[in-house]
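Engineer: Quick one: this structure, given as structure tokens, is what I'll be asking you about.
The values are calculated or read from the model by the stated rules, or taken from the named source; none is laboratory data. Quick caveat: nothing in here was measured; it's all calculated off a predicted structure. For neighbour counting, all protein chains shown are included, and Cβ atoms are generated from backbone atoms with ideal geometry for every residue, glycine included.
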Amino acid sequence: MAQCKCQYMLFLVCCTIASVCIYLSLLDTRGQEYKQHAQWRHFVPSDIDVQRPKPCTCEKCAYKKGLSNWFDERFDPGVNPLLTISNAFLYNAVKKWWLNLQGLHKESNVDAIMTKLFEVVPNTDPYQSKNETQCRRCAIVGNSGNLKYSSYGAKIDSHDFVMRMNRATTSGFEKDVGNKSTHYFMYPESAHHLPPGVHFVLIPFKPLDMEWIVSALTTGNIKFTYVRVVSKIHLDQDKVMILNPAFLKYIHDNWTNHHGKYPSTGMIAILFALHICEEVSVFGFGADRKGSWHHYWENNKHAGAFQKTGVHDAKFEMEIIRKLVEEGKITFYNETNVKY
Ligand code: C5P
């Protein structure tokens, strides 16, 4: 009996020692990974431990905790949507996933690219130092054909921020989509010139996208990625923002749950808004009532490319949007005004 007790105690001691060793080695791996990147050592990686609880200054705030378990399980206020020097160190898991998006397996010179990047684009994150008295209302405008004949223009423009994406044009469609734009989410292959004052939010799907923005604002050397791209872009250089690859992975892990290869521009814009806005209104997402996924500026015979890209899961993303509405986190505008 005594021998049995002794063996049991020994077993417990061994288990405890093993657990402590595993824990310490995990900590060490993380520390080593950080130390390897000497050039970033003096910067505090803000997406490790720093939580950014924002005070809710509206009647109701999208990010407020305790109102939806489903939302709280997924929403991480500590992940910063924007890339700045202070969070430009990418953990191996993020770097590996990000490089793999375009089938790049070899360690590329990401750190050198980022160093060059911040010589040209601003190293600022205006949403970190939030004005506490502000109640920021944001409209996210997707490119769905269901906006056509919607008459949502004035409603969209009444928001503080109006976020548009890719090739969205307002000219000629003002009644339905408005004409105010504060942010445009784009990548090199969808990029176009912007008027002064509008934020260009680059979604970097590959390291070349970061090299491209540097080139597009300086020498104009990069003219081709996997298609021809605009070589010199005209926009307000002070307004350029770069999305953090860690934020893209967070959406893929926590929100789209690995459905699709990576989240769509629209999904990324909605999540960006949920992190920086108090109220989020969503327009122009989904098929129209005839089931067509075209863009609002296209004839619906040209069923839109979005659903067919094969890299996004349009159905699953619409399910997340539906759930966000159900949980009271966003307001969704469908095509109730459409007259066929
Ligand atoms: O087609 P594009 O990617 O430029 O559209 C921008 C975003 O608008 C998409 O990523 C998608 O989230 C949304 N969209 C949609 N339904 C459509 C077209 C686009 O939900 N018919």
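Engineer: Residues in segment 219-239: is at least one closer than 17 Å to Thr115 by Cα and aliphatic (A, V, I, L, M)?
Structural biologist: Among the residues of segment 219-239, not one is closer than 17 Å to Thr115 by Cα and aliphatic (A, V, I, L, M), which makes the answer no.
Engineer: Related question: Considering only segment 177-189, state which residues are over 12 Å from Ile203 (Cβ atoms) and surrounded by fewer than 23 Cβ atoms within 10 Å (Cβ to Cβ).
Structural biologist: Those that are over 12 Å from Ile203 (Cβ atoms) and surrounded by fewer than 23 Cβ atoms within 10 Å (Cβ to Cβ): Asn179, Lys180, Ser181, Thr182.
Engineer: Would you say Leu67 is touching a Gly at 6+ places or on another chain (Cβ under 9 Å) and modelled with pLDDT of 90 or more?
Structural biologist: Yes: the conditions hold for Leu67.
Engineer: Let me ask something else about it. Within segment 110-119, identify whether any single residue is more than 16 Å from the ligand (Cβ to nearest atom), at pLDDT below 95 and assigned to a loop (DSSP other than H, G, I, E, B), and answer yes or no.
Structural biologist: no
Engineer: Do we find that Lys175 is basic (Lys, Arg), in a loop (DSSP other than H, G, I, E, B), away from the ligand (no atom under 16 Å from the Cβ) and at pLDDT 95 or above in this structure?
Structural biologist: No: the conditions fail for Lys175.
Engineer: Please indicate, with yes or no, whether at least one residue in segment 199-208 is within 15 Å of the ligand (Cβ to nearest atom), surrounded by 16 or more Cβ atoms within 10 Å (Cβ to Cβ) and farther than 30 Å from Gly103 by Cβ.
Structural biologist: No: segment 199-208 contains no residue that is within 15 Å of the ligand (Cβ to nearest atom), surrounded by 16 or more Cβ atoms within 10 Å (Cβ to Cβ) and farther than 30 Å from Gly103 by Cβ.
Engineer: Residue by residue through segment 296-340, note down the ones that are in a loop (DSSP other than H, G, I, E, B), surrounded by fewer than 15 Cβ atoms within 10 Å (Cβ to Cβ), at pLDDT below 85 and of a type outside the set (S, T, N, Q).
Structural biologist: Within segment 296-340, Lys301, His302, Ala305, Gly310, Lys339, Tyr340 qualify.
Engineer: In segment 133-172, how many are away from the ligand (no atom under 16 Å from the Cβ), touching a Lys or Arg at 6+ places or on another chain (Cβ under 9 Å) and outside any loop (DSSP other than H, G, I, E, B)?
Structural biologist: Residues that pass the stated criteria total 4.
Engineer: On to the next question. Within segment 255-299, which residues are more than 7 Å from the ligand (Cβ to nearest atom), closer than 26 Å to Val79 by Cβ and either without any contact (Cβ under 8 Å) to a residue 60 or more places away in the chain or in contact with a Phe, Trp or Tyr (Cβ under 6 Å, 6 or more places away or on another chain) (or both)?
Structural biologist: If the condition is that a residue be more than 7 Å from the ligand (Cβ to nearest atom), closer than 26 Å to Val79 by Cβ and either without any contact (Cβ under 8 Å) to a residue 60 or more places away in the chain or in contact with a Phe, Trp or Tyr (Cβ under 6 Å, 6 or more places away or on another chain) (or both), then Asn257, His258, His259, Gly260, Pro263, Ala269, Ile276, Val282, Phe283 are the ones that fit.
Engineer: Would you say Ser151 is surrounded by fewer than 21 Cβ atoms within 10 Å (Cβ to Cβ), more than 24 Å from Thr115 (Cα to Cα), free of Cβ contacts under 8 Å to residues at least 40 places away in the same chain and not acidic (Asp, Glu)?
Structural biologist: For Ser151, the condition - surrounded by fewer than 21 Cβ atoms within 10 Å (Cβ to Cβ), more than 24 Å from Thr115 (Cα to Cα), free of Cβ contacts under 8 Å to residues at least 40 places away in the same chain and not acidic (Asp, Glu) - is not met.
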